Amino acid sequence: MGAAPAYRSMTPQQLRLELEELYADYTGCLDEERFEDWPGFFVEKCLYEIVPRENFERGLPLATWLCESKGYLEDRVVAIRKTSVYAPRTIRRMVSAIRILGWKDELLEARASYAAFETLPDELTRVFNVGQYHDRIAVDDGRLRFKEKICVFDSLLVPNSLIYPL
Amino acid sequence: MGAAPAYRSMTPQQLRLELEELYADYTGCLDEERFEDWPGFFVEKCLYEIVPRENFERGLPLATWLCESKGYLEDRVVAIRKTSVYAPRTIRRMVSAIRILGWKDELLEARASYAAFETLPDELTRVFNVGQYHDRIAVDDGRLRFKEKICVFDSLLVPNSLIYPL
Amino acid sequence: MGAAPAYRSMTPQQLRLELEELYADYTGCLDEERFEDWPGFFVEKCLYEIVPRENFERGLPLATWLCESKGYLEDRVVAIRKTSVYAPRTIRRMVSAIRILGWKDELLEARASYAAFETLPDELTRVFNVGQYHDRIAVDDGRLRFKEKICVFDSLLVPNSLIYPL
């Protein structure tokens, strides 16, 4: 693995640029609806959650989405592709305020704010869901992949149309 | 041109910083309504389009805006300044998820998500238009300028008040 | 102060990364409601304002918020914590288009666009306030701190619920 980027020895500025690229690639993948590529952003034994802030802060286990392995993520993609009981929609995800908290147990801890906008056919675009990514990122096979990605959203309302990942 | 930045030999991280500066300058110019400076972000023989995603993906030629040269952009600015049949408004543009796809035929291909917010007098700010920039960028006279900028917006609705550039 | 970053001798790209970190830390502090840490982003003799764009551009002195020292900011935090006449709410702040205007009188001048989203209990998230930071940043005790931060917001409407800083 001599050619793998030496993430552990990077300066905070270099790491910031790596994370900006990671989040741009991640949201680009989802915004362009290349859902089949989405699980590739995670390591095999991963955790992906979408959870309202109140539950997260109280430590309540109730999550709106809970995927406990990469296989779960792949199942989710199949479900997205096969289900068509919902109206087509476009989600556009913006990311801001990427913060590097540091390395812990070989994982890079990071947070970032996201805002997702939803557009339904014949409707104007609206704010769909905003929140914060709580991420633990591994160096896996020479690149950064999510070991844990928790999307903590601000609204107490659970969106009834949370069909695509955040 | 010895002092010109050697964009072609930059690392992806250096290029990312150049693009972040380019998009910040571009949206800053528009947000601050320095429209006369806007054509300067383009090369002479350029293409600027604003097009709904559905048309773009189907390859339909119908664009909401279509400017096929820098002169067209300048004409558009004159029209903005001379027309006053519309209510004054402020547009604020946010950019996220800048992705560098690579160099092709001397042009740097990049994508970025944008969200534009509109504020009318005595009204609250609302989401105006979100979408993705599909850009091909040239090194022109030692700096980066758009050869092609296509603003692909998510809504199928054509905003009836698309007066300022995105 | 041998270990202090030599901000004055940084390249624009290095400075951009420093500012991205500063704004991420700043908005992260506010989004996570660690208000007690907020005054620490300012120097002692500072100016913090929230002002509608129209007033700002006309040079009118009327500001929605006006804090003329770090002590004022600390008072404001006490008021936030002690007042509970308002409904709980979450604000999420996104920052984009960071622009470095240059050094002047030992201060780094910068601008950035922000968008703030508000979520009230049992309500959907909505656009709360968008605008532009007009910042003058000092090197204080080896780190970047705001000497002047003016939040110029686009709406002519003064939000009646501007309880938390922007």
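The values are calculated or read from the model by the stated rules, or taken from the named source; none is laboratory data. For clarity, every value in this text was computed on a predicted model and none was experimentally measured. FYI the Cβ positions are ideal-geometry reconstructions off the backbone, even for glycines, and counts take in every protein chain you see.
Things worth noting here:
- Only a single item in (1) farther than 14 Å from B:Tyr72 by Cβ; (2) of a type in the set (A, V, I, L, M, F, W, C); (3) in a helix (DSSP H, G or I) is not met by B:Trp38, and it is number (1).
- Check on C:Ser161, closer than 24 Å to A:Gly131 by Cα, among the small types (Gly, Ala, Ser) and more than 14 Å from chain A (Cβ to nearest Cβ): yes
- Any hit, region C:44-66, residues being farther than 19 Å from C:Val152 by Cβ and either within 14 Å of another protein chain (Cβ to nearest Cβ) or at pLDDT 95 or above (or both): yes
- Residue check for A:Arg126: touching a residue at least 40 places away in the same chain (Cβ under 8 Å) and either under 15 Å from C:Thr125 (Cβ atoms) or of a type in the set (Lys, Arg) (or both): no
- Scanning region C:11-25 for residues that are free of Cβ contacts under 8 Å to residues at least 60 places away in the same chain, assigned to a helix (DSSP H, G or I) and surrounded by fewer than 20 Cβ atoms within 10 Å (Cβ to Cβ) yields C:Gln13, C:Gln14, C:Glu21, C:Asp25.
- Taking region C:55-166 and the strands (runs of 3 or more DSSP E) fully enclosed by it, the elements with 1 or more residues that are in contact with an Asp or Glu (Cβ under 7 Å, 6 or more places away or on another chain), closer than 19 Å to B:Glu32 by Cβ and not aliphatic (A, V, I, L, M) are at C:90-104, C:107-119, C:126-140, C:143-153.
- Residue check, A:Thr90 of a type in the set (Val, Ile, Thr), in contact with a strand residue (DSSP E or B) (Cβ under 7 Å, 6 or more places away or on another chain), at pLDDT 95 or above and buried (at least 21 other Cβ atoms within 10 Å of the Cβ): no
- C:Thr125 vs. criteria of a type in the set (S, T, N, Q), buried (at least 21 other Cβ atoms within 10 Å of the Cβ) and within 14 Å of chain B (Cβ to nearest Cβ): yes
- Output for region C:84-103, where each listed residue is over 21 Å from C:Asp25 (Cα atoms) and touching a residue at least 12 places away in the same chain (Cβ under 8 Å): C:Tyr86, C:Ala87, C:Pro88, C:Trp103
- Hits in region C:41-54 - residues which are under 14 Å from the mean Cα position of the chain (by Cα) and not in a strand (DSSP E or B): C:Phe41
- Criterion (of a type outside the set (S, T, N, Q) and within 14 Å of chain B (Cβ to nearest Cβ)) met by exactly one of C:Ile98, C:Ile80: C:Ile98
- For B:Lys104, the conditions (1) surrounded by 14 or more Cβ atoms within 10 Å (Cβ to Cβ); (2) more than 30 Å from A:Leu166 (Cα to Cα) are fulfilled apart from (1).
- With respect to the conditions (1) over 20 Å from A:Glu20 (Cα atoms); (2) within 12 Å of another protein chain (Cβ to nearest Cβ), B:Ser9 falls short on a single one, namely (2).
- The condition of being more than 30 Å from A:Arg93 (Cβ to Cβ), more than 10 Å from chain B (Cβ to nearest Cβ), within 16 Å of the chain's Cα centre (by Cα) and of a type outside the set (A, V, I, L, M) holds for only one of C:Glu148, C:Glu106, that being C:Glu148.
- Every residue from region C:27-54 that is free of Cβ contacts under 8 Å to residues at least 40 places away in the same chain and surrounded by 17 or more Cβ atoms within 10 Å (Cβ to Cβ): C:Gly28, C:Cys29, C:Pro39
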